Amino acid sequence: MSSNQALTRRQALAAAAALAPAALAAAQAPAPTPSAAPAGIKPSPFEIKPLPFDPAKLPGFSERLLKSHWENNYSGAVRALNAVRDRLVALRADKDTPSFLYGDLKREELIRRGSMVLHELYFANLGGSGRPGGALAEALKSSFGSVEAWEDDFRKTAASLYGGSGWTVLAWNQHTRELHNYWAGDHSQSAVMGTPIFVLDLYEHAYHIDFGAAAARYVDAFFVNAHWDEVQRRLEAARKG
């Protein structure tokens, strides 16, 4: 072996010895932990609102029906929505959450939130009497030709959902700046840019206890108890939006 070759070998051994502590330290260091998903804010739970009227005093409706609707369907939707929102927070904290699982819960959140909002609007537009008047009547005439023409369209839309499920919704459309009756097959369907001002629940749970399959009689009772002052208040607020 030449002196140059020996020198090169000695230099290599010295360099390896110098690097050994760093290599050992790297091997013994704990593996980096995966980065967590961005932390989210835990949402405050939605509260169940009380009925805005005395359920024993609505003509044509039994107290049993109204309480069952409020306790089982509306209140159940609020509780389910709160549970879904908590679960979404937990899933957001896990960066490995499958997208399909997150999507399933987002769809459930959409349905439960729609049920909560529509039921609150539904109960709040009950407890009155009479007929539409004032600015509300004028707005209905402007969009439909007459109050009677609006009601005919609303009832026909409702009748298309008899025996099934869904909602009939009179809404102020923020884009077209008009009132329109909308058909909704479930809690998640709503008109783009539509602000609901008068809503009718056509799920069977809303009427079957009192009316059986006679949904038209239920709609008659609904109109008898419509709270037109509340509907007009909603219209005025929507027009300012």
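Listed here are the residues, each with its yes/no results for (1) at positive phi; (2) without any contact (Cβ under 8 Å) to a residue 24 or more places away in the chain; (3) out of contact with any Gly (no Cβ under 9 Å at 6 or more places or on another chain).
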{"site": "Trp150", "(1), (2), (3)": "no, no, yes"}
{"site": "Gly163", "(1), (2), (3)": "yes, no, yes"}
{"site": "Asp186", "(1), (2), (3)": "no, no, no"}
{"site": "Val199", "(1), (2), (3)": "no, no, yes"}
{"site": "Lys240", "(1), (2), (3)": "no, yes, yes"}
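Of all residues in segment 222-236, how many are surrounded by fewer than 17 Cβ atoms within 10 Å (Cβ to Cβ) and in contact (Cβ under 8 Å) with a residue 12 or more places away in the chain?
4
Phe223 fails exactly one of the following numbered conditions: (1) under 21 Å from Leu66 (Cα atoms); (2) out of contact with any helix residue (DSSP H, G or I) (no Cβ under 9 Å at 6 or more places or on another chain). What is the number of that condition?
Condition (2) is where Phe223 drops out.
Scanning segment 179-212 for residues that are crowded, with 16+ Cβ neighbours inside 10 Å and of a type in the set (Asp, Glu), which turns out nearest to Leu65 (Cα to Cα)?
Selected residue: Asp210.
Kindly provide the set of residues from segment 59-90 that are more than 16 Å from the chain's Cα centre (by Cα) and surrounded by 16 or more Cβ atoms within 10 Å (Cβ to Cβ), ordered by number.
Of everything in segment 59-90, those that are more than 16 Å from the chain's Cα centre (by Cα) and surrounded by 16 or more Cβ atoms within 10 Å (Cβ to Cβ) turn out to be Phe61, Leu65, Leu66, Ser68, His69, Trp70.
When only residues in segment 45-58 that are more than 15 Å from the chain's Cα centre (by Cα) and over 18 Å from Phe222 (Cα atoms) count, which is surrounded by the fewest Cβ atoms within 10 Å (Cβ to Cβ)?
My answer is Pro50.
Quick grid of which residues meet (1) among the hydrophobic types (A, V, I, L, M, F, W, C); (2) surrounded by 12 or more Cβ atoms within 10 Å (Cβ to Cβ); (3) more than 30 Å from Trp70 (Cα to Cα); (4) touching a residue at least 24 places away in the same chain (Cβ under 8 Å):
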{"residue": "Ser99", "(1), (2), (3), (4)": "no, no, yes, no"}
{"residue": "Leu110", "(1), (2), (3), (4)": "yes, yes, no, yes"}
{"residue": "Gly114", "(1), (2), (3), (4)": "no, yes, no, yes"}
{"residue": "Gly127", "(1), (2), (3), (4)": "no, yes, no, yes"}
{"residue": "Pro132", "(1), (2), (3), (4)": "no, yes, no, yes"}
{"residue": "Lys141", "(1), (2), (3), (4)": "no, yes, yes, no"}
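Would you mind stating whether Val224 is more than 18 Å from the chain's Cα centre (by Cα), of a type in the set (A, V, I, L, M, F, W, C) and farther than 18 Å from Phe144 by Cβ?
yes
Among the residues of segment 201-221, write down those that are outside any helix (DSSP H, G or I), within 25 Å of Leu136 (Cα to Cα) and over 17 Å from the mean Cα position of the chain (by Cα).
Selection gives Leu202 alone.
Could you tell me how many of the residues in segment 150-166 are part of a loop (DSSP other than H, G, I, E, B), touching a Phe, Trp or Tyr at 6+ places or on another chain (Cβ under 9 Å) and exposed (fewer than 15 other Cβ atoms within 10 Å of the Cβ)?
Looking only at that region, the number is 2.
Might you check whether a residue that is modelled with pLDDT under 95, of a type in the set (Gly, Ala, Ser) and not in a strand (DSSP E or B) occurs anywhere in segment 167-188?
yes
The values are calculated or read from the model by the stated rules, or taken from the named source; none is laboratory data. None of these values were measured; they are calculated from a predicted model. Every residue, glycine among them, receives a Cβ derived from its backbone with ideal geometry; neighbour counts consider all protein chains shown.
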